[in-house]
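Working notes for the structure below.
The values are calculated or read from the model by the stated rules, or taken from the named source; none is laboratory data. Bear in mind the structure is a predicted one, so any value in this text is a computation, not a measurement. Methodologically, a virtual Cβ is constructed for each residue, glycine included, from the backbone with ideal geometry; neighbour enumeration extends over all protein chains shown. The accessibility values were calculated without ligands, DNA or RNA, using every heavy atom of the protein model including side chains. Shrake-Rupley method; radii C 1.70, N 1.55, O 1.52, S 1.80 Å.
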Amino acid sequence: MLALIQRVTEARVTVAGETVGAIGPGLLALVGVEPGDGPAQVAKLGDRLLRYRVFQDPDGKMNRSLADTGGGLLLVS
């Protein structure tokens, strides 16, 4: 299981003109699932996505995670 992530100020997924998912500030993750991936891989990826330190702290350093900021997570398979 792989994910390509992007920090976003907002993101949405639209299907046939209807928004099926949307977030404000947070992470957009394009997820690739492979044969043989199961619950253990999903849990590991979810944990990693929540812990990546890709958001700025008050000093301007990339030292805060999605869990720290309370931002949104939009997963697109």
Which one is least open to solvent (accessible area, probe 1.4 Å), of the residues in segment 49-77 that are in a loop (DSSP other than H, G, I, E, B) and in contact (Cβ under 8 Å) with a residue 12 or more places away in the chain? G71
Selection from segment 9-31 of residues that are touching a residue at least 40 places away in the same chain (Cβ under 8 Å) and surrounded by fewer than 12 Cβ atoms within 10 Å (Cβ to Cβ): G24
Residues that are among the β-branched types (V, I, T) and assigned to a strand (DSSP E or B): does segment 28-48 have at least one? yes
